[in-house]
């Protein structure tokens, strides 16, 4: 449940930035930063026994790494196709 509320907070922050700036990449970056900050803040506040709370951190960070890797690969391939199209 904490994962979804953290994600909801980050999405709302990204939507707010997008509504104000109309720049999708900027909004996505802000949403990602908000997600990570809220994730670590929640972990710190609920860290009565940190050994019991590792699951609150490990799985979301693992998911973020997989998502970041997928987006990085997709954007790199897109940029390569764009540069090839410009040359020809």
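No value in this document is a laboratory result; all are computed from the given coordinates. Small disclaimer: the values here were computed from a predicted structure and weren't measured. Ideal geometry is used to build each Cβ from the backbone, glycine not excepted, and the neighbour counts take in all protein chains shown.
Its Cα gyration tensor gives the chain an equivalent ellipsoid. The semi-axes, each the square root of 5 times an eigenvalue, are 32, 18, 8 Å from largest down.
Length available on full extension from residue 65 to residue 25: 0.36 nm per residue minus the Cα-Cα distance, which gives 12.6 nm. Computed from the Cβ-Cβ distance with R0 of 22 Å, the FRET efficiency linking residue 8 to residue 36 stands at 0.90. The listed peptides 5-17, 58-70, ordered by packing as a protection proxy, come out as 5-17, 58-70 (highest mean of other Cβ atoms within 10 Å first).
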